[in-house]
1. Quick test of your reading of the structure: Gly176 fulfils all but one of (1) open to solvent by less than 20 Å² (accessible area, probe 1.4 Å); (2) within 9 Å of the ligand (Cβ to nearest atom); (3) outside any loop (DSSP other than H, G, I, E, B); (4) not aromatic (Phe, Trp, Tyr). Name the failing condition by number.
2. Mind telling me which of the residues Ile376, Ile384 ends up being within 28 Å of Asp17 (Cα to Cα), open to solvent by 10 Å² or more (accessible area, probe 1.4 Å) and touching a residue at least 40 places away in the same chain (Cβ under 8 Å)?
3. Which condition number in (1) among the charged types (D, E, K, R); (2) within 29 Å of Leu313 (Cα to Cα); (3) in contact (Cβ under 8 Å) with a residue 40 or more places away in the chain is the one that Arg414 fails?
4. Restrict the check to the stretch 387-395 and report whether at least one residue is out of contact with any Pro (no Cβ under 7 Å at 6 or more places or on another chain), outside any loop (DSSP other than H, G, I, E, B) and in contact (Cβ under 8 Å) with a residue 24 or more places away in the chain.
5. Return the pairs, sorted by first residue and then second, in which the second residue is among the charged types (D, E, K, R), the first residue lies in the stretch 309-330 and is over 17 Å from Leu400 (Cα atoms), the beta carbons are less than 6 Å apart, and the residues are 6+ apart or on different chains.
6. Testing Ala203 on (1) surrounded by 24 or more Cβ atoms within 10 Å (Cβ to Cβ); (2) assigned to a helix (DSSP H, G or I); (3) more than 10 Å from the ligand (Cβ to nearest atom), one condition comes back false. Which one is that?
7. Please go through the stretch 122-168 and pick out each residue that is open to solvent by 20 Å² or more (accessible area, probe 1.4 Å) and among the acidic types (Asp, Glu).
8. Can you find even one residue in the stretch 347-364 that is within 16 Å of the ligand (Cβ to nearest atom), within 27 Å of Asp17 (Cβ to Cβ) and surrounded by 23 or more Cβ atoms within 10 Å (Cβ to Cβ)?
Amino acid sequence: MEIYAHPTFQMACRQFDLVADHLQIPESHRDRLKYPKRSLIVSLPIHMDDGATRVFTGYRVQHHLTLGPTKGGLRYHPDVALGEVAALAMWMSWKCALTGLPYGGAKGGITCDPSKMSRTEIERLTRRFTQEMIPFIGPQVDVMAPDVGTNDQTMAWIMDTYSVHEGNSVPGVVTGKPIGLGGSLGRREATGRGVAYLIRRAAEALSLDPGKCTAVIQGFGNVGSVAAASLAQYGTRVIAISDVHGGLYNARGLDLPALEKYAAQNRGLAGFPGAEPVTNEQLLLLPCDVLVPAAMERQITAANAGKIQCRILAEAANGPTTPDADEILRQRPEIFVIPDVLCNAGGVVVSYFEWVQDLQSFFWSEDEITAKLFHILDNSWTQIFKLSRQHNISMRMAALSVGISRVLEAKNQRGLFP
Ligand code: NAD
């Protein structure tokens, strides 16, 4: 499908084809599983603060509707394109299925640079996007959540715009909202917390003591910052971390609370005292026990996969490792990969809890939520780890096999509408 042509979509398709070959899925079923069910592209004219009118482009891709509403994040970034969004939607499908959530995958985005826009411009853009999406979204249709460049405030504007249209409050149209609007305790922390929990499980499997491990993290946004703090709680020393402008390294360990405060005051990490600057490229090659890409896709490539120096590669971001890099990592059994669809699934699991709480108007404690989150991650981990060992396949192949098989089974059970 030419309309989705994009390196990230090609990558998701290549991963799918490898799994389809492994599972011996008949050719006749493959396209139906692979290509998005529906996609919407919208033009978004808004008034800028200087009085000019600018038109942005927004996307929403719903990958499959077989198991329930679709679910997935909304990204604001200059590189957002239809094919990238479609790939992210496909990965969401496998992720929801492998964790047993009653959703298909979706993803959305607007091609824009929120770091160069005012809060009021971002609010107008978000409301305009939501208005255009109204026929396409809803608690039983498609539920958005934060992703790169969006946050709980973005979700609040979407919920408000949708609710005004409906004439009553509809908290279940988004997850990752502020707590006061029906958000869930523990949602903001869920992805990073889940990443750290699974790193601990992997460390146990490799007989590593998390209290003696070092970690390097690319990305200091929602996922990277919480993963860092959660790893520190397990006693892991975070020795390097980065944002889009570059990274910081301190072999003795970074002072994370001071770094949080500094980054909030300075809108970034650059200039933080007590650490050496490193580039994002250098950061990925630092010797460490745990490497956590928590920023963008296609960071571990054929160019650097042979040179990374970690024991555990924990894919907190979506699609950080290209299939070419995967080939190289297969020749390096000393590196254990926790694949993205499992590693960052904590976010959508607690989004699911938020949606259930909103539908019931009955809210749970954070302890209850964290316990339920770890229970689901633990079950998924155990199943995938076992499958990987039993069949001598990579963790990615095992995780995607579970996700894809569940969607295929559901499609076969429902049948084709004649
Ligand atoms: P975010 O916008 O909060 O943070 C992104 C971070 O990455 C920022 O520190 C940014 O400066 C940095 N960054 C951006 N481009 C970069 C580049 N080219 N090189 C290095 N750093 C770069 O986003 P987030 O919500 O933390 O999401 C990060 C990743 O995790 C994405 O791949 C996203 O799809 C994935 N993810 C997020 C969630 C969630 O709940 N937010 C859930 C699952 C997966």
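1. With (1) open to solvent by less than 20 Å² (accessible area, probe 1.4 Å); (2) within 9 Å of the ligand (Cβ to nearest atom); (3) outside any loop (DSSP other than H, G, I, E, B); (4) not aromatic (Phe, Trp, Tyr) applied to Gly176, the lone miss is (3).
2. Result: Ile376 is the single residue among Ile376, Ile384 that is within 28 Å of Asp17 (Cα to Cα), open to solvent by 10 Å² or more (accessible area, probe 1.4 Å) and touching a residue at least 40 places away in the same chain (Cβ under 8 Å).
3. It is condition (2) that Arg414 fails.
4. No, that holds for no residue.
5. Arg311/Asp289
6. (1)
7. Listed by number, the residues that qualify are Glu123, Glu132, Asp147, Asp152, Asp160, Glu166.
8. Yes, the stretch 347-364 has at least one match.
The values are calculated or read from the model by the stated rules, or taken from the named source; none is laboratory data. Just so we're clear, the structure is a prediction, and the values are computed from it rather than from any experiment. Please note: Cβ atoms are built from the backbone with ideal geometry, for glycine as well, and neighbour counts cover all protein chains shown. Only protein heavy atoms, including side chains, enter the accessible area calculation; ligands, DNA and RNA are left aside. Shrake-Rupley method; radii C 1.70, N 1.55, O 1.52, S 1.80 Å.
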